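Student: Got a structure here, written out as structure tokens. Questions coming.
The values are calculated or read from the model by the stated rules, or taken from the named source; none is laboratory data. Computed from a predicted structure; not experimentally measured. As a convention, Cβ positions derive from the backbone with ideal geometry for all residues, glycine included, and neighbour counts pool all protein chains shown.
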Amino acid sequence: MGVQMVPEYAQGMDLFHAGMKTGPRPLELDRSMALKICLPVAKALVHLHNNGFIYRDLKPENILVENPRQNQFDAIMLTDMGFVDRCAKGQKKSDFCGTIEYMAPEMMHNKSYGQSVDLWSLGVLMLEVGANYVPALFDSNDKVIEFKEQSIEKGMEGTQRFARFSREKKIRKITAYSPTVFQQDDLLLGLTLDLLRNESSMRPEADEVVSRLKTIIAAEEQAHASVKKRTVTSVSH
Ligand SMILES: Nc1ncnc2c1ncn2[C@@H]1O[C@H](COP(=O)(O)OP(=O)(O)OP(=O)(O)O)[C@@H](O)[C@H]1O
Ligand SMILES: [Mg+2]
């Protein structure tokens, strides 16, 4: 008899509907929202990876946002354990599964792969929630591939092309596309690019991502607090 898993119900909607669908939506996806969303997602990956599992389908549709409203939410949950499998650190898998836009290049090349495919997907997710930039959706002329002509092959080409770019070229592409969100010399851009390394063994593990995200969030909160303090001081004079 098979095992049935019933996840806790998340009152709200998935991240795609909360922030990416066209039309009115509760969350404005920007750099600060990207940080708020990606930290709990990275923590969920730490939990899975440290318990010897690989996730393999990280994407906005599988991230549930509890009670999203006016640019805030109560919690983030990862759902859809359909492609989860046992794969401890250092172990390899070879089946082809997941969603093209978020799929790591080594899986596209039919190579064996490990937990670091989830870190590639997290890198794509960070680019998407922070800047609406998904490498698989761009052709060689930097034009967005129209949804109607979108195909598995084109998506794979887009990802593989981006994965092979030098770090400098990746920075040029991302900052040209989204000059205000990801800037040069930016810790968040640095982390995202480390996740999007073509060489899977060079990607940071999930627990390192959590600690780097916490550092970035703390620095931004401190900068925000000191701006607020300066504003209050200048108003009171
Ligand atoms: N625990 C939950 N609480 C509330 N809604 C959920 C929950 N789990 C899933 N959903 C909703 O149902 C949708 C589909 O769930 P899930 O991703 O598990 O199914 P799926 O058939 O594997 O979908 P897909 O193949 O498109 O990934 C999610 O995008 C989400 O909107
Ligand atoms: Mg799903």
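Student: Filter the stretch 144-174 down to the residues that are at pLDDT 90 or above and hydroxyl-bearing (Ser, Thr, Tyr), then identify the one that is farthest from the chain's Cα centre (by Cα).
Tutor: Looking at residues that are at pLDDT 90 or above and hydroxyl-bearing (Ser, Thr, Tyr), I get Ser166.
Student: Can I ask one more? Would you please list the contacts, defined by Cβ atoms under 7 Å and residues six or more apart or on different chains, that run from a residue in the stretch 12-32 that is of a type in the set (Lys, Arg) to a residue that is crowded, with 16+ Cβ neighbours inside 10 Å and not in a helix (DSSP H, G or I)?
Tutor: Qualifying pairs under 7 Å: Arg31/Val181.
Student: Related question: Applying the selection to the stretch 39-60, what residues are within 15 Å of ligand 2 (Cβ to nearest atom) and either part of a strand (DSSP E or B) or under 12 Å from the mean Cα position of the chain (by Cα) (or both)? So that I can check it myself, show each step before the final result.
Tutor: Let us first name the residues in the stretch 39-60 that are within 15 Å of ligand 2 (Cβ to nearest atom), namely 41, 44, 55-60.
Correct list: Val41, Asp57, Leu58, Lys59, Pro60.
Student: A follow-up question, please. Taking the conditions exactly as written (within 14 Å of ligand 1 (Cβ to nearest atom) and either out of contact with any Leu (no Cβ under 8 Å at 6 or more places or on another chain) or among the hydrophobic types (A, V, I, L, M, F, W, C) (or both)), does Leu15 satisfy them or not? Explain how you work it out, then say what you get.
Tutor: Details: within 14 Å of ligand 1 (Cβ to nearest atom): yes; either out of contact with any Leu (no Cβ under 8 Å at 6 or more places or on another chain) or among the hydrophobic types (A, V, I, L, M, F, W, C) (or both): yes.
Against the criterion (within 14 Å of ligand 1 (Cβ to nearest atom) and either out of contact with any Leu (no Cβ under 8 Å at 6 or more places or on another chain) or among the hydrophobic types (A, V, I, L, M, F, W, C) (or both)), Leu15 qualifies.
Student: I'd like to verify a number: residues in the stretch 63-75 that are within 16 Å of ligand 2 (Cβ to nearest atom) and surrounded by fewer than 22 Cβ atoms within 10 Å (Cβ to Cβ), how many? Give the derivation first.
Tutor: Narrowing the stretch 63-75 to residues within 16 Å of ligand 2 (Cβ to nearest atom): 63-65.
Cutting the leftovers down to surrounded by fewer than 22 Cβ atoms within 10 Å (Cβ to Cβ) gives us none.
Total meeting the criteria: 0.
Student: Another question about this same structure. Quick test of your reading of the structure: Gly98 fulfils all but one of (1) under 30 Å from Thr180 (Cβ atoms); (2) in a loop (DSSP other than H, G, I, E, B); (3) of a type in the set (Gly, Ala, Ser). Name the failing condition by number.
Tutor: The one condition Gly98 does not meet is (1).
Student: Let me ask something additional. Can you give me the number of residues within the stretch 117-174 that are assigned to a loop (DSSP other than H, G, I, E, B) and among the β-branched types (Val, Ile, Thr)?
Tutor: Narrowing the stretch 117-174 to residues assigned to a loop (DSSP other than H, G, I, E, B): 132-134, 139-143, 145-146, 150-151, 165-166.
Then drop every residue that is not among the β-branched types (Val, Ile, Thr), which leaves 134, 145.
Count: 2.
Student: Can you pull out the residues in the stretch 77-92 that are in contact (Cβ under 8 Å) with a residue 60 or more places away in the chain and either more than 12 Å from Ile54 (Cα to Cα) or within 15 Å of ligand 2 (Cβ to nearest atom) (or both)?
Tutor: Step one: filter the stretch 77-92 for residues in contact (Cβ under 8 Å) with a residue 60 or more places away in the chain, giving 77, 79, 81, 89.
If the condition is that a residue be in contact (Cβ under 8 Å) with a residue 60 or more places away in the chain and either more than 12 Å from Ile54 (Cα to Cα) or within 15 Å of ligand 2 (Cβ to nearest atom) (or both), then Met77, Thr79, Met81 are the ones that fit.
Student: Return a yes/no flag: does the stretch 113-127 have any residue that is at positive phi, in contact with a Ser or Thr (Cβ under 8 Å, 6 or more places away or on another chain) and either among the acidic types (Asp, Glu) or surrounded by 15 or more Cβ atoms within 10 Å (Cβ to Cβ) (or both).
Tutor: No, every residue in the stretch 113-127 fails to be at positive phi, in contact with a Ser or Thr (Cβ under 8 Å, 6 or more places away or on another chain) and either among the acidic types (Asp, Glu) or surrounded by 15 or more Cβ atoms within 10 Å (Cβ to Cβ) (or both).
Student: Moving on. Considering the stretch 93-129 alone, what residues qualify as being more than 17 Å from Pro204 (Cα to Cα) and either without any contact (Cβ under 8 Å) to a residue 24 or more places away in the chain or among the small types (Gly, Ala, Ser) (or both)?
Tutor: Correct list: Ser94, Asp95, Phe96, Gly98, Met107, Asn110, Lys111, Ser112.
Student: Further question: For the stretch 1-35, how many residues meet the condition of being crowded, with 19+ Cβ neighbours inside 10 Å and among the basic types (Lys, Arg)?
Tutor: Qualifying residue count, the stretch 1-35: 1.
Student: Go through the stretch 72-124 and report how many residues are away from ligand 1 (no atom under 16 Å from the Cβ), touching a Phe, Trp or Tyr at 6+ places or on another chain (Cβ under 7 Å) and under 27 Å from Glu8 (Cα atoms).
Tutor: 2
Student: Has the stretch 47-56 got any residue that is within 12 Å of ligand 1 (Cβ to nearest atom), in contact with a Leu (Cβ under 9 Å, 6 or more places away or on another chain) and on the phi > 0 side of the Ramachandran plot?
Tutor: For the stretch 47-56, residues within 12 Å of ligand 1 (Cβ to nearest atom), in contact with a Leu (Cβ under 9 Å, 6 or more places away or on another chain) and on the phi > 0 side of the Ramachandran plot: absent.
Student: If you don't mind, there's one more thing I want to ask. Which ones in the stretch 61-95 are of a type in the set (D, E, K, R) and in a strand (DSSP E or B)? If you could, list the steps in order and put the result at the bottom.
Tutor: To start, the set of residues in the stretch 61-95 that are of a type in the set (D, E, K, R) comprises 61, 66, 69, 74, 80, 85-86, 89, 92-93, 95.
Glu66, Arg69, Asp85, Arg86, Lys93, listed by residue number.
Student: Which one of these does Ile100 not meet: (1) over 20 Å from Met33 (Cβ atoms); (2) away from ligand 2 (no atom under 16 Å from the Cβ); (3) modelled with pLDDT under 95; (4) surrounded by fewer than 21 Cβ atoms within 10 Å (Cβ to Cβ)?
Tutor: Every condition holds for Ile100 apart from (2).
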